[in-house]
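Every read-out reported here was derived from the displayed coordinates using simple, explicitly stated rules and does not represent laboratory data. Just so it is clear, the structure is predicted and the values come from calculations on it, not from any experiment. So basically every Cβ, Gly included, is an ideal-geometry build from the backbone, and we count neighbours across all protein chains shown.
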Amino acid sequence: MKVLTIALFAGVVFGNESNGRVAGSVVSSGTMEPVVGAFVILDGTDLGAITDADGVYSIPSVPVGSYGLRVSAVGHHPGMKADVIVRSARLTTVEVVLERAPVFGGTITVRPSYFSGEDDRAGSSQDFSGEEVRRAPGSAGDVVRIIAGLPSVSKVDNQYNGLAVRGGNPFENAIYIENMEMGNINHFPRQGTSGGGLSMVNVDVLSDVRFSAGGFGTPFGDRLSSVMELDLRSGNRQEFDGQLDFGMSGAGTVLEGPLPGGNGSWLVTARHSWVSLIADIAEIDAVPVYSDFMAKTELDLSPEHRLTFLGMGAVDYVDYTWEQAWEDGNPNYGITRGNNILSGVNWRWLWEGDGFSETSLSFSTQNYGGDYSKTSNRELEAVQDSRERALRLRNTNTWQVSPALEVAFGTDMAYRFDDFDNFYGADTTWSGEPLPPLSVQKSVEYGRAGVFAEASLAFSPALTTTVGVRGDYSGMRDAVSLSPRGSISLLVGEGSTITASAGVYRQALPDELIARDAAFEELDEPSAVHAVLGWRKLLGEDTRLVLEAYAKEYRDFPYDPGQPGFFILDGLGSEQDLYTFSTLESGARARSRGVEVTLHKRLAMGLYGIVSGSWSSSSYRSPGEQWRDRIYDNRLMVGIEGGYKFDERWEASLRWDYAGGRPCTPLDLEASAQYNRTILDDTRINAERLPAYHALNVRVDRRFNFTGTALVTYASVWNVYNRRNIAAVYWNSVTRGEDRILQWGIMPVIGLEYEF
């Protein structure tokens, strides 16, 4: 800290702001080959450059500030990049991928925009730059929380970042980092889901985020609802750079630089939490302690071959004492501990002018540990010691057969080997039926493999279709399944596009669920059919309006014949649902319907933001039962997020979310009093709703630029008007009465980023 203070003082007293530099490369989308002779211009200036024989450009002497980057080249659609941040005496690297323009007899005008490339994907997709994620109010440096602001994502609990997408639950989402799949990217991950407390990915190293809420293509399998792809930026290939951080996600550092010989780069990050300092203000009962790290190295073997090595991990610990649980009226207390690790290598191979491939080999492990007891009588409730591991191979290939035809194909394979040593004490089901103690001591090993192929054909400048099929093999069930998918994109006017997509999606059940009983290995894998219809309209180079309607039909979810009204997977991963069923069968169904509208303005000059709204309905039904609302069915949701960049120094932003109350099942007060635990009224399952959720977050950023260094400070307030949103209703075993679990109250968040 002393060194940082001296550096800041020296920068303030002796430093003067000086110009920076923008450099990078321009490549073609279908082949990733360099684009020679591309014109690169910084919007609003006369500064620019032309790419050389290697597709590389450099723009020197750029005044400090925020810019848009405009790129044009023969044979390609024009491209634009927002949020190009130029710092004093520093290099800003911007890589640009241009979409190829098929040649037809006629001509058609393609408007350049900051959404270049996104409208070519017919699925429900949304892209974010790393800078959009970094400055988002209410995200606390968590990439998952900015996705949670989209109209396709239900508002669950601000203390939990699990994404419930279009009526699904957090179990249904896939996450890829640098072409490597990772089941959960969070600190304190909830087993059996993709959600947790806070993302372990440092937003300062994010390059791009792509999120698809449905209708995604055949390269992605084993997921029912959504796909999130994270690209990490490359380390600086020309100079050493560093950054020190102090924010909500912890105190840490980012270091980067070139490899010896100039044929690559390295990038490392490390963070450690300090949440204990604001625990009382934020009314956080148990203080979490966590750390994370990341290391990425790029090595160019030749112009055609590049290796990317990635290692990242997190370590978590929290002790929620009996005294705290008693004071809070919480039904259980205990210690939670665990770690989360991903390591692997990705090989990119550029073919001879007509395509490229990406092949990754990765290993991930998630360790879940915990000891939990009942607050009312201190009896042991559960002991958790689980290790879920996966070795994965993934290969994707893109073949540019002609300017109008692109073919993608590949495979992914996974070998899973898990160890479970868990104990669940005697309990009752949600409806009050007794459950004996359960000991789960089991190893689960099986393989999965998938192959896919799809072709995208531009019939004309206005019409593009994609058709494909995916085949998957489950070693657990020794079964093969096929999943056809397709999409269409039609340009109906200048800047106006109609899209449609449909397909079949499948997913294996969580290993933690399967491990509880050998009979569960024979359960069917759930499947879903997606249908999405959309309209996109460019209102300007930096503004886009999107309207989408969707329908999802699910089949073969597991259900408990003894309590068929409850939807098992929607409760999996909850702290209050450790062991509440005794047997399972396949055959439950679910469905989702919805309409979403999004107005997105990217930062070009001053104002930026996203205004969105949605109406949706999500329900389920076990065989012989009536249709019931799922617990993620908010119905009406509204989001307003954005800000204004006054100049290169000052920026202010806000985020306001509204969501209709989620369905809940009222307590059976008589039975709850008898057992002194939460017993639900199984005659009124999800028949009531919690109060509506709404909260306002605000943030102000101030940047100080010195010679070769910069200091970014920000101050944010979450839940400004202290709305006490309710996460759940439960039976308080201490007061022996009905009680509520409240979400975060008003909470101040401050942060510093010192770049050197």
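Once the dipole of the chain is set up with Lys and Arg at +1 and Asp and Glu at -1 on Cβ about the Cα centre, which of GLY562, ILE498, THR465 lies farthest towards its positive end?
Of the options given, the answer is ILE498.
Evaluate the distance, in nm, between pseudo-label points positioned 7 Å from the Cα of ILE335 and of ALA715 along their respective Cα→Cβ axes.
4.0 nm
Counting helices only, and only those DSSP H runs with n ≥ 4, report the 222 nm mean residue ellipticity of the chain as the sum of -39,500 (n - 2.57) divided by its residues, in deg cm²/dmol to the nearest 500. Spell out each step's value before the answer.
Values: 7 runs with 45 residues, N = 756.
Computed mean residue ellipticity for the chain: -1500 deg cm²/dmol.
In which sequence would ARG111, ARG87, ARG677 go, from the one with the fewest C-beta neighbours within 10 Å to the one with the most? Mind dumping the intermediate values first?
On the way: ARG111 14, ARG87 25, ARG677 20.
The fewest-first ordering by Cβ neighbours comes to ARG111, ARG677, ARG87.
In sequence order, what are the phi-derived ³J(HN,Hα) couplings for segment 361-378 according to the Karplus relation 6.51 cos²θ - 1.76 cosθ + 1.60 with θ = phi - 60°, rounded to whole Hz, with x for glycine and proline?
10, 9, 10, 10, 9, 10, 9, 10, x, x, 10, 10, 10, 7, 5, 5, 9, 6
Near ARG392, within a Cβ-to-Cβ distance under 12 Å, what is the net charge of the other residues, with Lys and Arg +1 and Asp and Glu -1? Please list the in-between numbers first.
Numbers: positive: ARG389, ARG394, ARG416, ARG448; negative: GLU181, ASP222, ASP412.
Cβ neighbours under 12 Å give a net charge of +1.
Name the long-range amide H neighbours of ARG635: under 5 Å, sequence gap of 5 or more, or other chain; modelled H, no Pro or chain starts.
Result for ARG635 returns SER616.
Give the separation of the Cα centroids, segment 702-747 to segment 465-518, in Å.
Cα centres, segment 702-747 to segment 465-518: 37 Å.
What FRET efficiency comes out for the pair VAL597/GLN626, r = Cβ-Cβ distance, R0 = 45 Å, nearest 0.05?
Working: r = 31 Å, r/R0 = 0.69.
Taking R0 as 45 Å, the efficiency between VAL597 and GLN626 is 0.90.
For Cα pairs less than 8 Å apart in space and 6+ apart in sequence, what is the mean separation divided by the residue count of the chain, i.e. the relative contact order in percent?
On the way: 2194 pairs, mean separation 87.3, N = 756.
RCO, the chain: 12 percent.
Mind checking the dipole of the chain: about its Cα centre, +1 per Lys or Arg Cβ, -1 per Asp or Glu Cβ, Debye to the nearest 20? Present the calculation step by step, with values, prior to reporting the outcome.
Values: 66 positive and 97 negative charges, 316 e Å.
Using Cβ point charges on Lys, Arg, Asp and Glu, the chain gives about 1520 debye.
Note down the net charge around HIS76, summing +1 for each Lys or Arg and -1 for each Asp or Glu among other residues with Cβ under 12 Å from its Cβ.
Values: positive: ARG100; negative: GLU33, GLU99.
Summing Lys/Arg as +1 and Asp/Glu as -1 gives -1.
Write down the radius of gyration of segment 31-90 and its Dmax, each obtained from C-alpha positions, in Å.
12.0, 35
Can you tell me the FRET efficiency between ALA687 and SER439 if r is taken as the Cβ-Cβ distance and R0 is 41 Å, rounded to the nearest 0.05?
Working: r = 35 Å, r/R0 = 0.86.
The computed FRET efficiency comes out at 0.70.
Roughly how far apart, in whole Å, are the Cα centres of segment 209-246 and segment 342-420?
Using only Cα atoms, the two centres lie 14 Å from each other.
Tell me, what HN-Hα J-couplings in whole Hz come from the Karplus equation 6.51 cos²θ - 1.76 cosθ + 1.60 at θ = phi - 60° for each residue of segment 532-547, using x for Gly and Pro?
The phi angles translate into 10, 10, x, 9, 10, 9, 7, 8, x, 4, 10, 9, 9, 10, 10, 10 Hz.
Among LYS155/LYS374; LYS81/LYS645; LYS296/LYS552, which pairs are too far apart, with a Cα-Cα distance over 26 Å? Present the calculation step by step, with values, prior to reporting the outcome.
Details: LYS155/LYS374 29 Å; LYS81/LYS645 17 Å; LYS296/LYS552 38 Å.
Where the Cα-Cα span goes over 26 Å, the pairs concerned are LYS155/LYS374; LYS296/LYS552.
What's the exposure ranking of GLU327, GLU95, GLU352, GLU381, going from fewest to most Cβ atoms within 10 Å?
Working: GLU327 12, GLU95 15, GLU352 8, GLU381 22.
Lowest count first: GLU352, GLU327, GLU95, GLU381.
Angle, helix 2-14 long axis vs. longest principal axis of the chain, Cα atoms, 0 to 90°, nearest 10?
40 degrees
Mind checking which aspartates and glutamates have their C-alpha under 15 Å from LYS537, skipping anything on the same chain fewer than 8 residues away?
Hits, sequence-local ones excluded: GLU118, ASP119, ASP120, GLU494, GLU548, GLU596.
Between GLU352 and ASN377, 0.36 nm times their residue separation minus their Cα-Cα distance comes to what? Don't jump to the answer; show the numbers that get you there.
Values: separation 25, 0.36 × 25 = 9.00 nm, distance 7.02 nm.
Result for the pair: 2.0 nm of gain on full extension.
Once you order the gyration tensor axes a ≥ b ≥ c over the Cα atoms, which shape class does segment 285-352 get: rounded for a/c under 1.5, otherwise prolate or oblate by comparing a/b with b/c? Could the numbers behind the result be given before it?
On the way: a/c = 6.47, a/b = 4.95, b/c = 1.31.
Prolate is the answer for segment 285-352, as a/c is 1.5 or above and a/b outweighs b/c.
Local charge sum around LYS374 (other residues, Cβ-Cβ under 10 Å, Lys/Arg +1, Asp/Glu -1)?
Numbers: positive: ARG378, ARG677; negative: GLU379, GLU381, ASP427.
Charge balance in the 10 Å sphere: -1.
Rounded to whole Å, give me the distance from the Cα center of segment 523-573 to that of segment 134-176.
15 Å
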